[in-house]
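The structure appears right after this line, and notes come after that.
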């Protein structure tokens, strides 16, 4: 047996799981015409598309029309993330990764400024935010930039409505962000929530949960699924911060044919090379910028600055301009750091190859 002319190694084989042995139609797990169009006729007849639903350091879990399986990761494979579509041959070997329709990414937390993939092939992102002291417009704008840059549709879901005395106060703060931004307030424990969010939970649709720890993502996931799939925990009363209950990303099939992706709460969400996403999030500032006297106006003390005029008139929040400038600086700096790291790795790779070649030559002498 061989894969693309190479012997099939044992750890490349698919390992069927007993727990999730049921099969799924491709429509039930998010298959769309855009993915089918990537396949040649020969690929359609020889290989099967499967979707990546869970991921660990050494293997991924896939589901498809023939059931659920695990596939060991090899260094020769491309980087994959939950939500990806993969072609698998009849012998259980990886063939290729399909192009993504959308892709969520961030700078991984910590000192190493590495880009981290969060999810792919997502149609809608539920930006989950609590109606308590943890509510933050700056954080919501940060998530919006991430979602717009990925190419998905954002829906802000305000949770813990039953514990909030005046939901309208919070909703009113979101209106200036965008006239087209969809905002829904819910009680995550109320079954009515499924009906409120049902327009985005339809067949072949994939939804991802984004938000900080304690926002109610896991509780909302359980309610939408109609079963206790995710652990939940109470927030800390002293600062209204949450505790991590979801520790890994998992893509879960829903009864109506949609796929739901819950993610661990992100205390740190740094952006890189996301100027397009930030531009959509702050489109009002971009429109105003075109009316400034100078093309390179920095919206500070320059004369005839339309942005500062809007702030003075009360039609634009100073906070919004400050957050826009902060995110632009951050994504530019992180993008530069990433480029520098890539260049360094490339140079190190060349040096390693040169050293190996020299070593081989020395042995021949």
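Every read-out reported here was derived from the displayed coordinates using simple, explicitly stated rules and does not represent laboratory data. None of the values given here were measured: they were computed from a predicted structure. All Cβ positions, even for glycine, are placed from backbone atoms using ideal geometry, and neighbour counts span all protein chains on display.
Averaging 1/r across all pairs of distinct Cα atoms in the range 61-132 and inverting the result yields a Kirkwood radius of 14.7 Å.
In this simple spin-label model, placing a label point 7 Å from the Cα along the Cα-to-Cβ direction at both residue 326 and residue 162 gives a separation of 3.3 nm. The per residue volume of the convex hull around the alpha-carbon atoms of the range 275-347 is 98 Å³.
Modelled spin labels at residue 132 and residue 296, positioned 7 Å past Cα toward Cβ, are 4.9 nm from each other.
Highest average first, the peptides 141-154, 38-51 ordered by how many other beta carbon atoms sit within 10 Å of their residues are 141-154, 38-51.
Students often check this: by mean Cβ neighbours within 10 Å, which of 120-128, 275-283 ranks highest, and how do the rest follow?
Result, highest mean first: 120-128, 275-283.
Between residue 65 and residue 343, the modelled label-to-label distance comes to 4.9 nm, taking each label 7 Å out from Cα in the direction of the beta carbon. Note on 57, 106: ascending count of other Cβ atoms within 10 Å places them as 57, 106, the fewest first.
Each part reduced to its alpha carbon centroid, the range 121-146 and the range 169-220 end up 9 Å apart.
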